[in-house]
Amino acid sequence: MARRSAPEVNAGSMADIAFLLLIFFLVTTTIETDSGINRKLPPTDEIEDPPIIKERNIFTVVVNKDNRLLVEEELMDISNLRQSAIDFLDNGGGKGDEACLYCQGDRNPKSSDNPEKAIISLKNDRQTSYKAYIAVQNELVAAYNDLRNREFNRIYPMIGTNFIDAQKRYSDPRTNIDEKQRLKPLLDSIKAMYPQKLSEAEPSKTN
Amino acid sequence: MSKFKKNKKGLPAISTASLPDIVFMLLFFFMVATVMRDSTLMVKNTLPAADQVQKLDKKDRVMYIYAGKPSMRYQEKYGSQARIQLNDKFATVSDVAAFVLAERASKRQELQNVLTTALKVDGETNMGLISDIKQELRKVNALKINYTTRVGDYTQNMD
């Protein structure tokens, strides 16, 4: 019986396979983007008569030139900053109209009335290092995020994620429009419960 | 005998006609996945770490301002004081406003109001310089800023 050698494999479809793979990678690869802390600067035009804010509604954080923290006139280590900011924001010491129904704080009459009135004031020195400043910013944002996560989980347990993940999904361009519209009112309601009121004073000069 | 010999010859060589395709595929893949650095860094740029971060907007809506100490090869000429880098050259605080206006003018009309300024600042820089930059940005109404960071725990910043 005559045995033939194995026939040559047809390579014509190889290009198709290659293009298929190429298109697969094109679609699935996301180019890594930078991330960071978003902030909004105040506009330059001065407000005529600024509203009077009660002392108890302001949480002052001062970072000096040696990167040390003075929080509410007391020295503090940065590891305690997040918790004390949460305690301040979540205090809910107001009475009557100003009462905060969802706050879980101590309701100390000497601390903030409600999260809508609570303002964190951050002041740094010109000699403060940028890393320390970012660390402080990070902890203050974390305090807001922790509270927002807590409320999001409490009010919308059926969503199955926390505030941060829901917000990520909202800002992701791949999320479809129906889901975005569903998420937006939820996110806005949580943001209104704990509005981020972070004020920055002009840095002081070291003498 | 001749039949016996033919059996011993084995399989024919595999065609290499598709090799160019594979190579092109790899080439395209790397072309797409590589992030190009827009400008050469002339300053030291170790970003501080933070974990409460948000992703930056699309590339065409962002303008970058770098700041930090000049890198080693520029230190002889520019000293070791922290400087601002805009595009490919060192700049002073007073150049920031003009840079922002120029960048804004170069973007499409509908993007001009949604631009973000990403501050890529070295961790060792003093806040004085950053405050000056922020004041300049306020003057030209570029209010959306982003402190670009590395993802990591904040305690890495405190040594």
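We did not get these values from a lab; they are worked out from the coordinates using the rules stated. Just so it is clear, the structure is predicted and the values come from calculations on it, not from any experiment. Note that we place each Cβ from the backbone using ideal geometry, even for glycine, and neighbour counts take in every protein chain shown.
Computed over the Cα atoms of chain A, the ratio of the radius of gyration to the Kirkwood radius (Rg/Rh) comes to 1.26. Taking the Cα centre of each part, how many Å lie between region A:82-116 and region B:87-129? Region A:82-116 and region B:87-129 have Cα centres spaced 39 Å from each other.
Averaging the Cα positions of each part gives two centres, and for region A:190-204 and region A:155-178 these lie 23 Å apart. Placing +1 on each Lys and Arg Cβ and -1 on each Asp and Glu Cβ, with no other charges, gives region B:49-154 a dipole about its Cα centre of roughly 280 debye. Distance between the pseudo-spin-label points of B:T40 and A:L75 (7 Å out from Cα toward the beta carbon): 4.8 nm. Where both bridge residues fall in region B:49-154, DSSP classifies roughly 35% of the beta bridges as antiparallel. Relative contact order for chain A: 20 percent, from Cα pairs under 8 Å spaced at least 6 residues apart, divided by residue count.
Using a 10 Å cut-off around each Cβ of peptide B:78-91, what is the average number of partner chain Cβ atoms that fall inside?
0
Describe numerically, in nm with one decimal, the distance between label points set 7 Å from Cα along Cα→Cβ at A:L21 and at A:A192. For A:L21 paired with A:A192, the spin-label model returns 5.4 nm.
Taking each residue in B:42-52, count the Cβ atoms of any other chain within 10 Å of its Cβ, then average. What number comes out?
Numbers: counts 0, 0, 0, 0, 1, 5, 11, 4, 11, 6, 14.
Partner Cβ neighbours, averaged per residue: 5.
Residues within the reach of a label modelled at A:A201 (point 7 angstrom out along Cα to beta-carbon, backbone nitrogen below 15 Å), restricted to region B:126-159: there are none. Summing Cβ point charges (Lys, Arg +1; Asp, Glu -1) relative to the Cα centre of region A:55-200 gives a dipole of roughly 460 debye.
Residues of region B:134-149 falling in the label zone of B:Q54, defined by backbone nitrogen less than 17 Å from a point 7 Å along Cα to beta-carbon, are B:142-149. Calculated mean residue ellipticity, 222 nm, chain A: -12000 deg cm²/dmol, from DSSP H runs (n ≥ 4) at -39500 (n - 2.57) each, averaged per residue and rounded to 500. Computed over chain B, relative contact order equals 29 percent, with contacts defined as Cα pairs under 8 Å that lie 6+ residues apart.
In terms of its Cα atoms, the protein assembly as shown spans 108, 61, 44 Å along the principal axes, sorted from long to short.
A Förster radius of 25 Å, combined with the Cβ-Cβ distance separating A:T60 from B:Q156, puts the computed FRET efficiency at roughly 0.45.
Taking only Cα atoms of chain B, what ratio of Rg to Rh do you get with Rh as the Kirkwood inverse-distance radius? Before the final figure, lay out the partial values.
Values: Rg = 25.7 Å, Rh = 19.4 Å.
The Rg/Rh ratio comes out at 1.33.
Membrane-span-like helices in chain B: DSSP H runs reaching 15 Å or more (Cα, own axis), mean Kyte hydropathy at least 0.5? Don't jump to the answer; show the numbers that get you there.
Values: long enough: B:19-33 (21 Å, 2.40); B:95-106 (17 Å, 0.82); B:127-139 (18 Å, -0.42).
Span-like helices here: B:19-33, B:95-106.
Take each residue of peptide B:129-137, count the partner chain Cβ atoms within 10 Å of its Cβ, and average: the result is 3. Scattering from region A:129-199 was approximated by placing one identical point on each alpha carbon and applying the Debye formula without solvent; log10 I(q)/I(0) at 0.21, 0.25, 0.27 1/Å stands at -0.90, -1.10, -1.20.
Here the Karplus relation 6.51 cos²θ - 1.76 cosθ + 1.60, evaluated at θ = phi - 60°, turns the backbone of region B:142-157 into coupling constants of 9, 8, 7, 10, 9, 7, 6, 10, 8, 8, x, 6, 5, 5, 5, 7 Hz, with x for every Gly and Pro.
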